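Enquirer: After the structure tokens below, expect a handful of questions from me.
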Amino acid sequence: MEDRELLARLIQCESGGEGETGMKAVASVVMNRVHAVGGEYKRVGQGSIRKILYQPGQFVCMSESQGGQYNPQNVYNMRLKTVHLDIADWAIAGNRLYNLGQALWFFNPYSPTCRPNFPSQVGYFIVRIGDHCFYNPTDAYYQT
């Protein structure tokens, strides 16, 4: 599977129900990691979409199992639509959502509020889009 299709499948899987803005936000995070100027994602990803997506423990949708159980919501079970490929192309071309900053993380808190830091103290809350909270790196991230 080529990088474009893999990214499009992740977008659909992680944020397909979040509308175009939510999907662009997730794509922006992935590409921010790909182009990180320091820290873990620069070291691990080395500018590769594939290495970022397959980094263990990062995206639930990249795993075929969770907690020893089959994960039916994984990238291999997605049925791509043009919109997912278009958003992947948009992100790969260097586009980002303006209000996202350099966000490197997102998660669904399953609550109406976002916690101020994620994960631990390396990310600070920047914006909520749909059900997901997004976090920019702190200076501590660059020490990871």
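Enquirer: Take ASN99 and decide whether it is without any contact (Cβ under 8 Å) to a residue 40 or more places away in the chain and surrounded by 14 or more Cβ atoms within 10 Å (Cβ to Cβ). Give the steps one after another, and end with the answer.
Expert: Working: without any contact (Cβ under 8 Å) to a residue 40 or more places away in the chain: yes; surrounded by 14 or more Cβ atoms within 10 Å (Cβ to Cβ): no.
No, not satisfied.
Enquirer: Is there any pair linking a residue in the range 69-88 that is among the hydroxyl-bearing types (Ser, Thr, Tyr) to one that is surrounded by 13 or more Cβ atoms within 10 Å (Cβ to Cβ), with Cβ under 8 Å and at least six apart or on different chains, and which?
Expert: Between residues of the range 69-88 that are among the hydroxyl-bearing types (Ser, Thr, Tyr) and residues that are surrounded by 13 or more Cβ atoms within 10 Å (Cβ to Cβ), the close pairs are TYR76/ARG9.
Enquirer: While we're on this one: I'm trying to understand the selection: among the residues of the range 53-69, which are surrounded by 10 or more Cβ atoms within 10 Å (Cβ to Cβ) and either of a type outside the set (Asp, Glu) or in a strand (DSSP E or B) (or both)?
Expert: Of the residues in the range 53-69, the ones surrounded by 10 or more Cβ atoms within 10 Å (Cβ to Cβ) are 53-55, 58-64, 66.
Across the range 53-69, the qualifying residues are LEU53, TYR54, GLN55, GLN58, PHE59, VAL60, CYS61, MET62, SER63, GLN66.
Enquirer: Further, regarding this structure: Please find, among PHE107, PHE125, the residue that is in contact (Cβ under 8 Å) with a residue 24 or more places away in the chain and among the aromatic types (Phe, Trp, Tyr).
Expert: Answer to the selection: PHE107.
Enquirer: Are any of the residues in the range 11-19 within 12 Å of the chain's Cα centre (by Cα), among the polar types (S, T, N, Q), over 21 Å from PRO119 (Cα atoms) and outside any loop (DSSP other than H, G, I, E, B)?
Expert: Initially, the range 11-19 is screened for residues within 12 Å of the chain's Cα centre (by Cα), giving 11-15.
Still in the list and also among the polar types (S, T, N, Q): 12, 15.
Going one step further and asking which of them are over 21 Å from PRO119 (Cα atoms), we end up with 12.
If we keep only those that are outside any loop (DSSP other than H, G, I, E, B) as well, we get 12.
Yes: one or more hits.
Enquirer: Here is a further query. Condition check: basic (Lys, Arg), more than 21 Å from ASP131 (Cβ to Cβ) and either at pLDDT below 95 or surrounded by fewer than 23 Cβ atoms within 10 Å (Cβ to Cβ) (or both). Does LYS42 satisfy that? Can you show your working first?
Expert: On the way: basic (Lys, Arg): yes; more than 21 Å from ASP131 (Cβ to Cβ): yes; either at pLDDT below 95 or surrounded by fewer than 23 Cβ atoms within 10 Å (Cβ to Cβ) (or both): yes.
So LYS42 passes the test.
Enquirer: I'd like the full set of residues that are aliphatic (A, V, I, L, M) and either touching a residue at least 24 places away in the same chain (Cβ under 8 Å) or outside any helix (DSSP H, G or I) (or both), limited to the range 29-52.
Expert: Filtering the range 29-52 for residues aliphatic (A, V, I, L, M) gives 29-31, 34, 36-37, 44, 49, 52.
Answer for the range 29-52, where residues must be aliphatic (A, V, I, L, M) and either touching a residue at least 24 places away in the same chain (Cβ under 8 Å) or outside any helix (DSSP H, G or I) (or both): VAL29, VAL30, MET31, ALA36, VAL37, ILE49.
Enquirer: Within the set of pairs 6 or more residues apart or between chains, which connect a residue that is more than 12 Å from LEU97 (Cβ to Cβ) inside the range 1-28 to a residue that is polar (S, T, N, Q) and at pLDDT below 95 with Cβ atoms less than 7 Å apart?
Expert: Between residues of the range 1-28 that are more than 12 Å from LEU97 (Cβ to Cβ) and residues that are polar (S, T, N, Q) and at pLDDT below 95, the close pairs are CYS13/GLN73; CYS13/ASN74.
The values are calculated or read from the model by the stated rules, or taken from the named source; none is laboratory data. Because the structure is predicted, anything quoted here is derived from the model rather than measured. Positions of Cβ are generated from backbone atoms using ideal geometry, with glycine treated the same way; all protein chains shown enter the neighbour counts.
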